[in-house]
Amino acid sequence: MNPSADHTRDIVDRYGDLVLQVAWRVLPDADEVKDIYQETFLQYHAVVKRGETIHYPKAWLCRTATNAAFKRQRQRRRQSLFADDTALENHPDSKAAKEIEQNLLLNQVRQLAAELPERQRQVFVLRNFQGMPFAEIAAQLDCTEQTARASEYKALKKIRAWMNDSWKETEA
């Protein structure tokens, strides 16, 4: 057996339970948690096999498992949002279909907004769901108007990227 496989086995023995706990905190499904566990250690092994050194394996594994679990969670949400696309296309009342589609999109935006950092989420909600001007947002959040604008810009950029990723995944 090669040294990287022995090293990986030691890391799995040492941090395997921790990786499972991290994945369970994000995902409720045992099969998905097992997938994240396997994926995390496969990535670790690939990095070590390439000769790279991971100075803090515990932190690396936690971050990798967390990122993979959140990615899986977002994919699951997107799949459920677009599961009824065929029903929308064949809907006899196109106005009702458009309304359903808009509601699905609005729900997706709300879910994505919930994943934003706190300041960005606050500004995004106040601006886009409550229609508040930046001057009022800045006063309410005790920041400058420029900071409020920058927070909304960053929030919109992230939401657009997440939505583009979900559309690319559904096309593939």
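The values are calculated or read from the model by the stated rules, or taken from the named source; none is laboratory data. The model shown is predicted, which means the values in this text are computed figures rather than measured ones. With ideal geometry, Cβ positions are generated from the backbone for all residues, glycine too; neighbour counts draw on all protein chains shown. We work out accessible area using only protein heavy atoms, side chains counted, and drop any ligands, DNA or RNA first. Shrake-Rupley method; radii C 1.70, N 1.55, O 1.52, S 1.80 Å.
Residues in region 29-49 that are closer than 13 Å to residue 7 by Cα and open to solvent by 60 Å² or more (accessible area, probe 1.4 Å): 2 in all. When region 116-138 is examined, which residues are found to be charged (D, E, K, R) and surrounded by fewer than 19 Cβ atoms within 10 Å (Cβ to Cβ)? Selection gives 118, 119, 121, 136.
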